[in-house]
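The values are calculated or read from the model by the stated rules, or taken from the named source; none is laboratory data. As the structure is a computational prediction, the values presented were derived from the model and not from experiment. Glycine also receives a Cβ, built like all others from the backbone with ideal geometry; neighbour counts cover every protein chain displayed. Side chains included, ligands, DNA and RNA excluded: accessible areas come from the protein's heavy atoms. Shrake-Rupley method; radii C 1.70, N 1.55, O 1.52, S 1.80 Å.
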Amino acid sequence: MKNVFLLTFLTLTFVFSTEATAQKFSGLDKSPADIASYPTSYRVSDKSVRVIYSRPQLKGRNLSELAPDGKVWRTGANEAAEITFYKDATVGGKAVKAGTYSLFTIPGADEWTVILNSNLNQWGAYSYDSAADVARVTAKASTDGDSLEAFSIAFDDNGNMVMGWGTTRVSLAMSL
C-alpha cells in the first residue's frame, strides 16, 4: 500500500511540476534586434560605442514609406534605437559625454539629421521630446548599387557609423 501511495504521489508531483513550469515562448520578431559596436572585432572587449536597434525589412515597400523625409524616425523598428558611448566622443563635430542616448533620425534627400536624446526606453518616436535632445548633427546621405532588405547599422574602420537600407547609405562622422 505504501508503494502504491508513493508511486501515485511521485507521478502526480512530476505531472504537476512539469506543467507548472511550462513556458510559452513567442516566435521570432519580424524586426529582430541587433547590435553594432566599435571596434567591430569580437576579440576587442574594450568598446567605444554600441548601438542596439531593431531591423525592419522593406518587404516590397519604399524606404520613404517607412522612414519619411522630414519626420522624426526611431532609427529602426519597435523601441527607439539606443546608442551607448563608453567614453566621451565627438559626433558629427559635437562633443558628447559618455552615456546612453536614444537615437533618432530625420531622413532627407542629401543628408539626415541624427539626434541623440536623453530620454530612454521609448517605443518608436511617439513620445519623442526635442527638449531632451543632447545633440543634433547632420550626416551625409548617398546611394549604393546594392540594396539592403533589412535596415542595418555598422561602423567603418575609422569608427564612423553607417546606416543603410534599400540603396540609401548614411554616414555619420565620429571620433571615438
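For the chain, which whole percent of the accessible surface, found with a 1.4 angstrom probe, sits on carbon and sulfur atoms? Write out the running numbers ahead of the final one.
Values: 5770 of 10690 Å².
On the chain, the fraction of accessible area on carbon and sulfur atoms equals 54 percent.
With +1 on each Lys and Arg Cβ and -1 on each Asp and Glu Cβ, how big is the dipole of the stretch 127-176 about its Cα centre, in debye rounded to the nearest 20?
Numbers: 3 positive and 7 negative charges, 35 e Å.
Dipole of the stretch 127-176, to the nearest 20 debye: 160 debye.
Once you charge only the Cβ atoms, +1 for Lys and Arg and -1 for Asp and Glu, what is the size of the charge dipole of the stretch 68-176 about its Cα centre, to the nearest 20 debye? Don't skip to the answer; put the middle values down first.
Numbers: 8 positive and 13 negative charges, 68 e Å.
So the magnitude is around 320 debye.
What do you get for the angle between helix 2-20 and the principal long axis of the chain? Use alpha-carbon atoms, 0 to 90 degrees, nearest ten.
Around 20 degrees separate the two axes.
Starting from the Cα-Cα distance between Lys30 and Ser130, subtract it from 0.36 nm times their residue separation and give me the gain in nm to one decimal. Can you show the working numbers first?
Numbers: separation 100, 0.36 × 100 = 36.00 nm, distance 2.89 nm.
Gain on extension, Lys30 to Ser130, equals 33.1 nm.
Report the full-extension gain for the segment Ala22 to Glu111: residue separation times 0.36 nm, less the Cα-Cα distance, to one decimal in nm.
On the way: separation 89, 0.36 × 89 = 32.04 nm, distance 5.02 nm.
Fully extending the segment from Ala22 to Glu111 adds 27.0 nm.
Work out the charge dipole of the chain with +1 on the Cβ of Lys and Arg and -1 on the Cβ of Asp and Glu about the Cα centre, then indicate which of Ala150, Ala98, Ser64 is farthest towards its positive end.
The residue sitting most towards the positive pole is Ala98.
Taking K and R as +1 and D and E as -1, what net charge do the other residues with C-beta under 12 Å from the C-beta of Ala81 add up to? Could the numbers behind the result be given before it?
Working: positive: Arg50, Arg55, Arg74; negative: Asp34, Glu79, Glu82.
My count for the surroundings of Ala81 gives 0.
Working out 0.36 nm times the residue gap between Val44 and Asn119, then minus their Cα-Cα distance, what length gain in nm do you get to one decimal? Spell out each step's value before the answer.
Working: separation 75, 0.36 × 75 = 27.00 nm, distance 2.91 nm.
Between Val44 and Asn119, full extension yields 24.1 nm more.
For the pair Lys140 and Thr84, how long in nm is the line joining their label points, each one 7 Å along Cα→Cβ?
3.1
All other residues with a Cβ under 10 Å from the Cβ of Ala33 taken together, and with Lys, Arg as +1 and Asp, Glu as -1, what is their net charge?
-2
Net charge around Val170, counting only other residues with Cβ within less than 13 Å of its Cβ (Lys, Arg = +1; Asp, Glu = -1)? Provide the component values of the computation, followed by the final result.
Numbers: positive: Lys140, Arg169; negative: Asp69, Asp110, Glu111, Asp144, Asp156.
In short, -3.
How long is the stretch 72-176 along each principal axis, judged by its Cα atoms, biggest number first, in Å?
Extents along the principal axes: 37, 30, 20 Å.
With the Cα gyration tensor of the chain in hand, convert its eigenvalues to equivalent ellipsoid semi-axes via √(5λ) and list them largest first in whole Å. If you can, show how the numbers build up before the last one.
Values: eigenvalues 375, 79, 54 Å².
Sorted largest first and rounded, they come to 43, 20, 16 Å.
Return the loop-located chymotrypsin sites (Phe, Trp or Tyr not before Pro) in the stretch 121-176 (DSSP other than H, G, I, E, B) with at most 14 other Cβ atoms within 10 Å of their own Cβ; answer none if there are none.
Details: sites: Trp123, Tyr126, Tyr128, Phe151, Phe155, Trp165; in loops: Tyr126, Tyr128.
Answer by residue number: Tyr126.
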